[in-house]
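Each value in this text was obtained by applying a stated rule to the coordinates, not by laboratory testing. Model, not experiment: these values are computed from the prediction. Heads up, the Cβs are rebuilt from the backbone with ideal geometry, glycines too, and the neighbour counts pull from every protein chain shown.
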Amino acid sequence: MTLSYRPVRLGIYSDTLVPRADGVAVSMEAAGRALCELGVQLEVVAPYKSKSHQSTLPIRSVPGADAWGRDYRLGMLRPTRNKPEYDVVHVHTLGPVGVAGLYTAWRRDLPVVLTWHTDLEVYRQHYAEIRLAMWLAGKAWRAGLGAPRGYQNGCTEVQNLLRAVDLVIAPTAKVEQQLDDLGCEAPTVVLPSPTLPMPAPSVSVAEIRRQLNLGVQDPILLSVGRLSGEKNDELLLQSFAELLKIRPDACLVMVGGYGDRRRVTQLVDRLGIGPRVRMPGVLPRAELAGYYLAADAVVICSISETQSLVAHEAEAAGCPLVVVDPWLYRGHERTRTFAPAEPVGLAAVIGKTLRAPDSTRRWAPRYRPAPLEHAEKLLALYEGLASQRPPAPGGVAAVG
C-alpha cells in the first residue's frame with residue numbers, strides 16, 4: 001500500500017504564541033517553521049492580533065482578552081459558518097482555543113493530535129481557573145452537553161479528553177509515564193520538542209553586570225521561567241536564602257513573567273534577601289542569551305517540567321545546571337547536577353557548583369532535536385492519520 005502525497009493541511013490550535021517565552025510557544029514556533037519548509041500548509045489559531053505577536057507562521061487571530069492577574073490571554077472563539085479545510089488538527093494547549101480545536105476536529109470527524117505540554121495535575125493545584133474549567137466541563141458532560149466523542153461516565157474529565165484524540169505526543173519519557181498514570185487510552189508517541197535557535201547575545205556580560213549593579217566577581221545564579229507556584233519558586237527563594245549564608249556575594253537573577261508577582265515579592269521580603277535578588281522580567285531571546293553567558297550557574301527547581309527547553313539552552317551556553325527533578329537528571333549526568341528538593345541541601349549543591357566567572361565562554365548551541373528532524377517525524381504521523389480518513393478536497397490522499 002502506498003500513500004499518494006499531496007500537501008498536508010494542518011490546523012494548529014494554541015492559547016499561547018511567541019513572543020511569550022513559555023516552552024509551548026517557543027517549541028510550537030520552531031516546529032511550525034520547519035513544517036512550512038517541508039511544504040505543509042498550516043494555519044495557527046491563537047488569541048493574538050498581528051501587532052501583539054512575533055510569529056512568522058500563518059495566524060488566524062481570534063478574539064481574546066488579557067487574563068486579570070495573569071500573564072496570558074484568554075481566547076474566545078465564536079461560532080462561524082466558515083469550515084476550515086484541514087486534514088489534521090494539532091492541539092497544543094487545553095485553554096479555550098485548544099479545546100475549541102478539539103471540538104472542531106470532533107464535529108468534522110478529523111484526526112486530532114494533542115501534544116501534552118503541561119503537567120495538568122500540578123497546574124490545577126495552582127490555578128483556580130483550571131479547577132473551575134474542569135469542574136464545569138464535568139458537570140456539562142454528565143448532563144449530556146458537549147461531551148467528547150466516546151464519552152464515558154466512569155472516566156475523569158482528563159481521561160475523557162484523552163480518549164477522544166487520535167494521538168497524544170509526549171515530549172519526554174516523563175510525560176509518557178504521566179499519561180500512563182492518568183489512564184490515557186489513546187496511542188502515545190514520545191517526540192522531544194525542538195526549540196528556536198538562540199540568537200547571538202545582544203548585550204555583553206559586562207553590560208549585564210552593570211545593569212544588575214553587580215561586581216565582576218559576584219556569582220550569578222540564574223533562574224529562567226514564569227514566577228509562579230508550579231515552578232516551585234518558593235523552594236528557589238528559600239534555598240537562595242540558605243546560599244547567602246555561605247556565599248553572601250551571590251545574586252539570584254529571576255528571568256520570566258510574573259504569574260503571581262505579589263506573592264513572590266512578599267516571600268523575598270519575608271526572607272530578607274531583596275538586596276541580592278534581581279527580577280528583570282521577560283527578556284528578548286537575544287538578551288537572554290547574554291544572561292546565560294553571564295550566569296555562573298542555572299537552577300531549575302520545578303518538578304512540573306515536561307520538556308524544559310531552559311535546560312537545553314543552559315547547556316548550549318556551557319553553563320553549570322542544577323536540577324531537583326530526577327527526570328531532568330536522568331540521561332544527562334554529564335551536563336547536569338542533581339540536588340535534593342529542600343532548601344539546605346539544594347543550597348549546598350549550588351554553592352559547590354558556582355565557579356569563578358569565565359569571560360572566555362562562548363555561545364555554542366547544541367539543539368536537540370533539530371527542528372527539521374522533529375518536523376519530518378511529525379509529518380509522517382500526520383500523513384498516517386490522514387490516510388485513515390477520506391481526504392478533504394486537495395488534501396492528503398487516502399491509502400490506495
Given (i) 4, 21, 31, 27, 13, 3, 0; (ii) 5, 22, 31, 24, 13, 5, 1, 0; (iii) 4, 17, 25, 25, 16, 9, 3, 0 as candidate values of P(r) over Cα pairs in 10 Å bins from 0, in percent, which corresponds to the one derived from the coordinates? (ii)
Report, in debye and to the nearest 20, how large the dipole of the chain comes out about its Cα centre when Lys and Arg carry +1 and Asp and Glu carry -1 on their Cβ. 800 debye
Cα-based convex hull, segment 139-205, per residue volume (Å³, whole number): 165 Å³
Grab the other residues whose beta carbon is less than 15 angstrom from that of THR306, score K and R as +1, D and E as -1, and report the net. -4
For segment 209-249, size of Cβ-based charge dipole, Lys and Arg +1, Asp and Glu -1, in debye: 200 debye
Dividing the helical contributions, -39500 (n - 2.57) per DSSP H run of n ≥ 4, by the residues of the chain yields a 222 nm value, nearest 500 deg cm²/dmol, of -11000 deg cm²/dmol
For GLN125 and VAL344, FRET efficiency with R0 = 30 Å and r from the beta-carbon atoms, rounded to 0.05? 0.75
Within 10 Å, at most 16 other Cβ atoms, and a DSSP state outside H, G, I, E, B define an exposed site. Report the longest part of the chain free of exposed trypsin sites (Lys or Arg not before Pro). 150-329
Evaluated over segment 205-353, the Cα radius of gyration and Dmax, each in Å: 13.9, 38
Among CYS301, PHE338, LEU237, pick out the residue whose Cα is farthest towards the positive end of the charge dipole of segment 205-353, where Lys and Arg carry +1 and Asp and Glu carry -1 on C-beta, about the Cα centre. LEU237
At 0.36 nm per residue, and after removing the present C-alpha to C-alpha distance, how many nm does the segment from ASP249 to ARG107 gain when stretched out fully? 45.2 nm
Most exposed first by the Cβ proxy, i.e. fewest other Cβ within 10 Å, how do PHE240, PHE338 rank? PHE338, PHE240
If I model a spin label at ALA200 and GLN152 as a point 7 Å from the Cα along the Cα→Cβ vector, what separation in nanometres do I get? 5.7 nm
Once you have the Cα-Cα distance between ALA173 and GLU373, take 0.36 nm times their residue separation minus that, and quote the gain in nm to one decimal. 70.2 nm
Of all beta bridges DSSP finds with both residues in the chain, what is the antiparallel percent, to the nearest 5? 10 percent
Per the rule of 0.36 nm per residue minus the C-alpha distance, extending ARG60 to ALA140 adds in nm 26.0 nm
Whose amide H sits under 5 Å from the amide H of ILE59, counting only residues 5 or more places off or on another chain, with H placed in the peptide plane? VAL44
May I ask you to sort ASP15, ASP233 by Cβ crowding, counting other Cβ atoms within 10 Å and putting the fewest first? ASP233, ASP15
With the cut-off at 21 Å, report for segment 208-273 the share of all Cα pairs above it, as a whole percent. 24 percent
What percent does the relative contact order of the chain come to when contacts are Cα pairs within less than 8 Å and at least six residues apart? 19 percent
